[in-house]
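Just below is one structure, and these are the notes that go with it.
The values are calculated or read from the model by the stated rules, or taken from the named source; none is laboratory data. Predicted, not measured: the structure shown is a model, and the values here were computed from it. Here the Cβ positions follow ideal geometry from the backbone for every residue, glycine too, while neighbour counts run over all protein chains shown. Side chains are part of the model used for accessible areas, which takes the heavy atoms of the whole protein and leaves out ligands, DNA and RNA. Shrake-Rupley method; radii C 1.70, N 1.55, O 1.52, S 1.80 Å.
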Amino acid sequence: TPLASGHSSPCVCGERIFVTTFADGKLATVGLDRASGKVLWTQPAPHDRVEQVHPAGSPATSTPACDGDRVVVFFGSYGLLCYDLDGKLLWQLPLGPFQDEFGSGSSPVLVDGRVLLNQDHDRDNFLLCLDAATGKTIWRTAREGTTRSYATPIVAEFGGSKETDAAKSKQILVAGALQRRR
């Protein structure tokens, strides 16, 4: 299926595939049928201006996330957008553009009804947690001392076992690049 350019990885969820695209100054999220490749819907992303990116990059780098009910996408030129599987906008959260000469590269993560998003740029870096159903901020924490990390958060479980019925704890892990001190 011919699509506009973009660097996101395809997000496969059930019978759908989701990608982000960029062409002719327009950002979009695209939903496709997995079996046929047919484009089911295309939703443009609002933005006042397109973020600066490296010539080898794209403003459609972030990979969509899907939990079977909703698709969450991130564009550094705008912020977060959440759609149902048929492309209906559920909520949006403007965040960008950011100060970073290479563009945004981190992707949202959906876990346990939450959206996690890491944003490390030249300044004002943060890790964000939202309610996936409403887009409301649950918490936001500054990531001081990091710069230009394009890492997507992962959630890891530690401890516990079936033999002891001990509880497992979940932790959010995010790689980061340290600022050079002068």
Give the residue that is modelled with the highest pLDDT, with candidates limited to residues of segment 56-92 that are of a type in the set (Gly, Ala, Ser), assigned to a loop (DSSP other than H, G, I, E, B) and farther than 13 Å from residue 132 by Cα. 87
Does residue 53 satisfy the criteria of being outside any loop (DSSP other than H, G, I, E, B) and among the β-branched types (Val, Ile, Thr)? no
Which residue is farthest from residue 130 (Cα to Cα), if the candidates are limited to segment 29-42 and must be open to solvent by 60 Å² or more (accessible area, probe 1.4 Å) and in contact with a strand residue (DSSP E or B) (Cβ under 7 Å, 6 or more places away or on another chain)? 38
Of all residues in segment 1-28 being among the hydroxyl-bearing types (Ser, Thr, Tyr) and closer than 18 Å to residue 108 by Cα, the one that is surrounded by the fewest Cβ atoms within 10 Å (Cβ to Cβ): 9
Pick from segment 1-43, criterion assigned to a strand (DSSP E or B) and polar (S, T, N, Q), ranking: farthest from residue 76 (Cα to Cα): 42
Pairs please, first residue from segment 9-20 and touching a residue at least 60 places away in the same chain (Cβ under 8 Å), second anywhere and in a strand (DSSP E or B) and open to solvent by less than 50 Å² (accessible area, probe 1.4 Å), Cβ atoms under 6 Å, 6+ apart in sequence or on different chains. 11/18; 11/66; 13/66; 16/31
What pairs can you find where one residue is in segment 121-138 and open to solvent by 70 Å² or more (accessible area, probe 1.4 Å), the other is assigned to a loop (DSSP other than H, G, I, E, B) and at pLDDT below 95, and their Cβ atoms are less than 6 Å apart, with a gap of 6+ or different chains? 123/99
Working only within segment 114-148, note down all residues that are at positive phi and modelled with pLDDT under 85. 124, 145, 148
Restricting attention to segment 149-182, the residues that are modelled with pLDDT under 75, surrounded by 10 or more Cβ atoms within 10 Å (Cβ to Cβ) and not in a loop (DSSP other than H, G, I, E, B) number exactly 1
Has segment 57-73 got any residue that is surrounded by fewer than 15 Cβ atoms within 10 Å (Cβ to Cβ), over 12 Å from the mean Cα position of the chain (by Cα) and without any contact (Cβ under 8 Å) to a residue 12 or more places away in the chain? no
